[in-house]
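Please read the structure below before turning to the comments.
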Amino acid sequence: MVMANPNDQTLTSLRSLCEAGALYVITPIHLCQPGGLHWEKMNAEQRAACEQAVATKQVPPLSSPYHFDRRAVTRIDGPDDKGRVRGFASDGSYTEGYPAGVLKRLAETMLAEKPKV
Amino acid sequence: MAVTAFVYPTGMFPTAFNKEVDLLTDAIKCALATSTYTPDQDTHDYFNDVTNEVVGTGYTAGGATLANDTLTYTAGSNLYTYDADDATWSTSTITARYAVVYDSTPASDATRPLLLYQNFGGDFTSTGGTFTVAWNASGIFTITCA
């Protein structure tokens, strides 16, 4: 009996979830900090409040991928000669690693509950 | 509670450029230390500099390997982020103040580069339960390329 290679199965999952639009690169940019999506929609007063919170280490929640700027994955490249793959967003952002790790990271948003804050 | 990660500059950067660290291929571990360890970012570069590692039920010397690690590049902001699954010690009875992340693949503690540490801000204890170091959802550390 020929056993399926678990890496091949993971790659298949990565590619099918990518096609379904279910994978996201999670950036370290908090939504409420400069560069984050919410920041762009804030007025000067809200931005000042955010900057004050960061300056005094009363940082906004960091526990969910929903708290960060996320970018949809549009293609999976690899594996390279070491077996690593990259999940790319259209702007060039990517997450790199071995297939199981990349799948887990890129699918975190899909698996996480949307937080109330 | 939110805690801050502190990089060991003399551990992370020279060793990375000397090809002593391979983040995605090597076994990167998280070790725990007690409050009597005093991190020194200027002089601590390899794991043999870390003293007072935790001893207790459910904890193996050297710490736990970080699983499913990845590197993420954020275009436009030039950010590189390292992330992995949370570090856990199940059915453990331990008390820790610091988490130390290092590359455990080189042959001895004197050649295992230190990457970063976290100060929990106080002692945290598990008593026959799971001790978890939960990383920030966006990653363990980020390097900004200016």
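Note on B:Ala67/A:Glu51: beta-carbon distance plugged into 1/(1 + (r/R0)^6) with R0 of 51 Å gives a FRET efficiency of 0.90.
Of all aspartates and glutamates in the structure, the ones whose alpha carbon falls short of 18 Å from that of A:Lys104, not counting any fewer than 8 places away in one chain, are A:Asp8, A:Glu19, A:Asp69, A:Asp77, A:Glu96, A:Glu113, B:Asp69, B:Asp83, B:Asp85, B:Asp86. Separation of the range B:85-122 from the range A:80-117 is 24 Å, based on Cα centroids.
Treating the Cα atoms of the range B:4-144 as identical point scatterers in vacuum, please give the log10 of the normalised Debye intensity I(q)/I(0) at q = 0.09, 0.18, 0.20, 0.21 Å⁻¹, two decimals. One equal scatterer on each Cα of the range B:4-144 leads to -0.25, -1.02, -1.26, -1.38.
Rounded to the nearest 20 debye, the dipole size of chain B about its Cα centre is 180 debye, using +1 on the Cβ of Lys and Arg and -1 on the Cβ of Asp and Glu.
For B:Thr130, what charge total do you get from the other residues with a beta carbon under 15 Å from its beta carbon, if Lys and Arg give +1 and Asp and Glu give -1?
-2
Determine the calculated [θ] at 222 nm for chain B from helices alone, applying -39500 (n - 2.57) to every DSSP H run no shorter than 4 residues and normalising by the residue count; nearest 500 deg cm²/dmol.
Working: 1 runs with 9 residues, N = 146.
My calculation for chain B gives -1500 deg cm²/dmol from helical runs alone.
Model label points for B:Ser35 and B:Ser108, set 7 angstrom from Cα along the Cα-to-Cβ axis, are 3.4 nm apart.
Model label sites at B:Thr127 and B:Asn48, defined 7 Å from Cα along the beta-carbon direction, differ in position by 3.9 nm. Neighbours of B:Val55, meaning other residues whose beta-carbon lies under 15 angstrom from its beta-carbon, give a summed charge of -1 when Lys and Arg score +1 and Asp and Glu score -1.
All of the numbers you see were taken from the coordinates with simple rules; none came from a lab. Please read all numbers here as calculations on a predicted model, not as lab measurements. Please note: Cβ atoms are built from the backbone with ideal geometry, for glycine as well, and neighbour counts cover all protein chains shown.
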